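Written out below as structure tokens is the structure these notes cover.
The values are calculated or read from the model by the stated rules, or taken from the named source; none is laboratory data. Just so it is clear, the model here is predicted, and its values are computed rather than measured. Reconstructed Cβ throughout: ideal geometry from the backbone, glycine too, with neighbour counts over all protein chains shown.
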Amino acid sequence: MQLALCTWPEVDAYLTRSKGVIVPVGSTEQHGPTGLIGTDTISAELIARRAGDAADILVAPAFPVGVALHHMGFAGSMSLRPETFIAAIRDWATSLDRHGFRRIYFFNGHGGNIAPLKAAVKEISAELNPGRTDEDRLECKVHSWWQFEGVHMLCQTLYPEGHGSHATPSEVAITQYAYPDSIKSAPLEPRIAATGHFSGPQDYRAKFPDGRIGSDPLLANPADGEKLVDAAVAGLIVDYQRFIRV
Ligand SMILES: [Zn+2]
């Protein structure tokens with residue numbers, strides 16, 4: 001059930017049976033020569049919508065631009081500053097809280113969003129919860145799609161080598177499944193990208209010149225993407241239902 005496709009009376013009716021909502025949080029950033037700029041938003045949004053449809057969960061619009069300052073050395077990447085991101089997430093949560101939502105599950109698709117999302121959740125709680133009864137408290141959760149046990153195990157099985165940590169075959173596979181008309185190909189040299197640490201966007205580009213870290217995204221295919229989405233949807237439904245009972 002997508003918020004954007006509901007009317008306000010439908011949202012009113014939903015609130016009589018549930019106080020929970022999923023907010024997909026993505027990013028707009030380079031994903032190597034074969035990965036889509038929107039990979040992280042596409043992944044979080046698709047999995048959230050599938051879970052929402054399967055389990056009668058309201059899904060808010062996807063938050064499309066995250067904190068991706070380290071990707072700014074590559075064309076097309078966009079980033080919010082952490083303080084802007086936190087302020088915007090607070091405003092989204094405050095809007096939902098005002099209508100009676102009391103469980104907001106931030107379902108994340110980008111590693112760089114985790115720290116600022118957790119900071120935002122602390123600020124939201126400090127701002128909205130003082131003076132409220134336990135029953136009326138707003139609770140927020142942050143979870144990323146690759147953190148579910150079933151997804152983690154599937155990634156290890158599908159890609160025992162070359163999974164890496166950025167422009168991974170798993171995230172690329174999900175976008176190939178979501179948008180089969182936008183599957184890209186490009187020669188990758190070396191096949192498995194280097195791994196290591198970086199500091200800032202220039203250093204990132206110098207150390208990882210095509211944008212990948214440790215990955216071989218040519219391993220990706222749409223069938224893998226479907227399996228990964230199914231595993232993530234199953235994980236999300238269980239975890240969300242546990243969360244809203246807190
Ligand atoms: Zn990504």
Worksheet item: Considering only residues of the range 17-61 that are in contact with a Lys or Arg (Cβ under 6 Å, 6 or more places away or on another chain) and within 16 Å of the ligand (Cβ to nearest atom), which is farthest from Thr175 (Cα to Cα)?
Response: Gly32
Response to the item:
Selection from the range 158-181 of residues among the hydroxyl-bearing types (Ser, Thr, Tyr) and within 20 Å of the chain's Cα centre (by Cα) yields Ser165, Thr168, Ser170, Thr175, Tyr177, Tyr179
Worksheet item: Pairs under 8 Å by beta carbon, first residue touching a residue at least 40 places away in the same chain (Cβ under 8 Å) and of a type in the set (Phe, Trp, Tyr) in the range 105-131, partner assigned to a helix (DSSP H, G or I) and within 16 Å of the ligand (Cβ to nearest atom), six or more apart or different chains?
Response: Phe106/Leu117; Phe107/Ala44; Phe107/Ile47; Phe107/Ala48; Phe107/Trp145
Practice prompt. Kindly provide the set of residues from the range 1-41 that are over 23 Å from Cys140 (Cβ atoms), hydrophobic (A, V, I, L, M, F, W, C) and under 17 Å from the mean Cα position of the chain (by Cα), ordered by number.
Written response: Leu36, Ile37
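Being assigned to a loop (DSSP other than H, G, I, E, B), of a type outside the set (A, V, I, L, M) and over 11 Å from the mean Cα position of the chain (by Cα) is the filter here; which residues of the range 42-65 pass it?
Asp56, Pro61
So that you can scan it fast, the table gives a plain yes or no per residue for (1) part of a helix (DSSP H, G or I); (2) of a type outside the set (Asp, Glu); (3) crowded, with 20+ Cβ neighbours inside 10 Å:
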{"site": "Glu127", "(1), (2), (3)": "yes, no, no"}
{"site": "Asp181", "(1), (2), (3)": "yes, no, no"}
{"site": "Lys184", "(1), (2), (3)": "no, yes, no"}
{"site": "Pro187", "(1), (2), (3)": "no, yes, no"}
{"site": "Ser215", "(1), (2), (3)": "no, yes, yes"}
{"site": "Asp224", "(1), (2), (3)": "yes, no, yes"}
Discussion item. Let me confirm something: among Val11, Val23, which residue is of a type in the set (Val, Ile, Thr), touching a strand residue (DSSP E or B) at 6+ places or on another chain (Cβ under 9 Å), crowded, with 24+ Cβ neighbours inside 10 Å and at pLDDT 95 or above?
Written reply: Val23
Worksheet item: Within the range 156-171, how many residues turn out to be surrounded by 20 or more Cβ atoms within 10 Å (Cβ to Cβ) and in contact (Cβ under 8 Å) with a residue 60 or more places away in the chain?
Response: 4
Worksheet item: Only one of these conditions is not met by Leu228: (1) modelled with pLDDT under 95; (2) touching a Cys at 6+ places or on another chain (Cβ under 9 Å). Which number is it?
Response: (1)
